[in-house]
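Have a look at the structure below before the remarks.
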Amino acid sequence: MTDEQKSTIERNVVTVIKTVYDPEIPVNIYDLGLIYEITVSDEADVKVLMTLTSPNCPVAESMPQEVHDKVSLITNVRSVDVELTFEPPWDQDMLSEEAMLELGLL
């Protein structure tokens, strides 16, 4: 797989992840800063390292599964691994500028 193909898959992963919303905050999880890392291997295996706004988040089970399911549908993706972490803990400093505007913090 070329670097260009990997970049295309990564852009598609970001696009798809931006369709997943935190149920308590009207902003997608990418702009919330909940996605720490997206890795695409030479074999088109995608790994997503993500967190939640809190370890007690009511969607702790369903949100990572939704990310997995949506990323799995991307053309040319061979496999998807979504890893949940709480290190470092999420805080508002991780919000994108778009999210801060959406939430009225700018």
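Odds and ends about this structure:
- For region 79-86, the criterion of being free of Cβ contacts under 8 Å to residues at least 24 places away in the same chain and either within 25 Å of residue 9 (Cβ to Cβ) or outside any strand (DSSP E or B) (or both) is satisfied by no residue at all.
- All positions within region 70-97 that are surrounded by 14 or more Cβ atoms within 10 Å (Cβ to Cβ) and either within 12 Å of the chain's Cα centre (by Cα) or of a type outside the set (Gly, Ala, Ser) (or both): 70, 71, 74, 77, 80, 82, 84, 90, 94, 95
- All of 19, 39 fail the test of being part of a strand (DSSP E or B), closer than 30 Å to residue 2 by Cα, touching a Lys or Arg at 6+ places or on another chain (Cβ under 7 Å) and not aliphatic (A, V, I, L, M), apart from 39.
- A search for C-beta distances below 8 Å between a residue of region 8-32 that is among the acidic types (Asp, Glu) and any residue that is part of a helix (DSSP H, G or I) and at pLDDT below 95, counting only pairs 6+ apart in sequence or on different chains, returns 22/63; 31/98; 31/99; 31/102.
- Residue check for residue 71: under 18 Å from residue 17 (Cβ atoms), among the β-branched types (Val, Ile, Thr) and either assigned to a loop (DSSP other than H, G, I, E, B) or free of Cβ contacts under 8 Å to residues at least 12 places away in the same chain (or both): no
- Region 8-63, residues that are under 12 Å from residue 83 (Cα atoms), surrounded by fewer than 19 Cβ atoms within 10 Å (Cβ to Cβ) and modelled with pLDDT of 95 or more: 36, 37, 38, 39, 47, 49
The values are calculated or read from the model by the stated rules, or taken from the named source; none is laboratory data. Everything numeric here is computed off the predicted structure, so don't read it as measured data. Note that we place each Cβ from the backbone using ideal geometry, even for glycine, and neighbour counts take in every protein chain shown.
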